[in-house]
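One structure is given below, encoded as structure tokens.
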Amino acid sequence: MTVGNMESIELFDAGKKGRGLRTTKELSAGEVVFAEPSFSAVVFDSLYTQVCHSCFRRQANLHRCAQCKFAHYCNRTCQTGCWDEHKQECSAIKKYGKAPSEKIRLAARVLWRMHKDTGVVTDGQLASVDQLQEHVAEMSQDDLKELNTDVHNFLKYWSHKSKQHSVEYVSHIFGIIGCNGFTLSDQRGLQAVGVGLFPNLCLVNHDCWPNCTVILNHGNQSALNSVLHSQRRIELRALEKIAEGEELTIGYVDFLNLSADRQRALKQQYHFDCTCQPCSQHTKDDLMMAAKEGEGSKPSAELVKEVTAFSKECLEKVEKRRAEGDFHEVVKLCRECLEKQENVLADTHLYKLRLLSIISEVLSFQHCFSEAADYTSRMVEGYRKLYHPNNAQLGMATMRAGVTQWHAGQIEAGHGMICRAYAILMVTHGPNHPITRDLESMRMQTEMELKLFKQNEEVYHTMREAALKSQPMCTVTSS
Ligand SMILES: [Zn+2]
Ligand SMILES: [Zn+2]
Ligand SMILES: [Zn+2]
């Protein structure tokens with residue numbers, strides 16, 4: 001599959017939603033619908049010395065551009081590869097005296113790129129960048145004020161030698177970036193490091209239960225042979241079998257919210273009313289707020305209401321303490337609240353799942369793996385009842401659970417979880433993604449350990465001690 005190959009998709013009129021993309025052939029789960037390099041992208045202001053401005057890898061000892069002293073690169077290969085994109089920016093930064101904010105840098109990169117391409121839609125690009133959607137007309141007073149400041153600063157930064165643009169046109173470009181900017185993560189998908197524009201991806205509409213997922217895959221940047229380095233690019237991957245002619249969709253917001261909350265978030269951020277099937281039928285809303293059922297007595301409506309309110313308050317406290325770095329208090333609050341919820345709220349209740357996610361993460365961080373393993377596996381069981389079976393978040397959570405169980409010495413459960421995660425990531429990330437590769441080696445290692453464990457427990461424990469000393473699995477749990 002070549003980058004920019006758009007053979008299996010076409011633009012169509014998706015009614016109220018505007019333009020949309022649909023497939024021209026049947027797709028199977030895990031198939032790459034298309035891959036697309038970024039039109040333009042920039043590293044976040046806060047990370048400009050820690051992330052390569054060319055390949056977006058996060059690493060130590062980056063080399064600084066000698067001229068603007070702002071851009072940073074892994075090595076000469078990355079610097080040379082990025083020069084075309086950086087050339088005009090480099091002299092603009094020198095003249096401006098400093099680098100402007102990421103939004104302004106991105107807007108300038110977009111415009112320089114458009115001038116270079118002389119506005120012609122390049123091969124494989126289905127729509128030109130300045131025809132993408134924006135909602136400047138619907139912006140609030142505060143947002144408009146911020147936009148005006150950005151445009152004002154942009155015009156000061158924009159070189160006098162470059163083609164001049166009206167305030168309206170620059171505002172329009174900022175509007176497009178605001179609506180369509182896509183967050184880029186580092187090579188392991190663990191940290192958001194920048195923002196970029198992918199014009200074809202912008203044409204894919206939202207659905208709360210989407211049939212595709214989008215994943216960044218920068219290829220093997222650590223390879224010595226630069227031929228193996230790929231451009232910054234995304235892949236649109238099918239989550240399930242998709243029939244010919246069906247619309248392709250992705251989820252702009254996490255499904256793990258009540259339909260009304262998802263609709264509110266979409267309206268606020270993307271300015272549309274979601275009328276997808278799960279929203280109009282409130283699919284799984286009941287599960288996300290359900291009371292505990294099953295053997296024994298059912299909790300009274302009163303008690304459910306009380307515990308729900310208590311949990312909501314507790315979550316706010318937990319978030320605050322977490323932000324302050326008071327992890328001891330976070331664990332204490334979570335334990336208390338989970339105990340209160342135990343016989344009252346269902347295992348799929350959102351407030352329970354949020355607490356489980358937080359406490360397991362903190363406990364893993366503190367190396368309390370046994371307790372963390374119990375919480376993560378409960379979280380994954382809840383997720384499995386709510387998410388699409390091939391949801392990427394489900395895959396990542398399953399991987400986390402497997403690694404935690406492995407650390408806790410639960411080799412059988414851990415291996416099972418890692419295999420499950422691997423199956424999901426083969427669809428959502430594909431076999432060549434760095435995370436899938438990590439998982440593959442974990443799968444092989446745990447498989448071998450499990451065999452040993454079944455043959456001779458004593459030998460297994462000796463080997464495990466040795467393995468823990470070299471800590472081969474730490475790459476995934478530490479960020
Ligand atoms: Zn690099
Ligand atoms: Zn420079
Ligand atoms: Zn929806």
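Rule-based calculations on the coordinates, nothing more; no lab input. Since the model is a prediction, treat every value here as computed from it, not as a measurement. All Cβ positions, even for glycine, are placed from backbone atoms using ideal geometry, and neighbour counts span all protein chains on display.
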| What net charge is computed for the residues neighbouring Ile242, neighbours being all others with C-beta under 13 Å from the C-beta of Ile242, Lys and Arg scored +1, Asp and Glu -1? | -3
| Relative contact order (%) - segment 39-197, alpha-carbon pairs under 8 angstrom, separation at least six | 28
| request: Compute the acute angle (0 to 90°) between the alpha-carbon long axis of helix 102-116 and the principal axis of greatest extent of the alpha-carbon atoms of the chain; round to the nearest 10°. | output: 50
| task | Please report the orientation-averaged projected area of segment 284-435, defined via the convex hull of its C-alpha atoms, in nm². | result | 9.7
| Counting Lys +1, Arg +1, Asp -1, Glu -1, what net charge surrounds Thr24 among other residues with beta carbon under 9 Å of its beta carbon? | -1
| request: Determine the relative contact order of the chain: mean sequence separation of Cα pairs under 8 Å and six or more apart, normalised by residue count, in whole percent. | output: 14
| query | Ignoring the sites themselves, what is the longest stretch of the chain with no trypsin sites (Lys or Arg not before Pro) in a DSSP loop and at most 10 other beta-carbon atoms within 10 Å? | reply | 164-479
| query | Considering amide H positions built from the backbone, and no H for Pro or chain starts, which residues 5 or more places from Glu26, or on another chain, come under 5 Å of its amide H? | reply | Glu244
| said: If amide hydrogens are placed 1.01 Å from N in the peptide plane, which non-local residues have theirs closer than 5 Å to the one on Gly194? | reply: Phe44, Leu184
| query | What is the calculated FRET efficiency for Val167 to Gln133, with r their C-beta to C-beta distance and R₀ = 22 Å, to the nearest 0.05? | reply | 0.65
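Tell me whether the chain comes out rounded, prolate or oblate; compute the Cα gyration tensor, take square roots of the eigenvalues as a ≥ b ≥ c, and use a/c under 1.5 as the rounded threshold.
Working: a/c = 1.70, a/b = 1.41, b/c = 1.21.
Here the chain falls in the prolate category.
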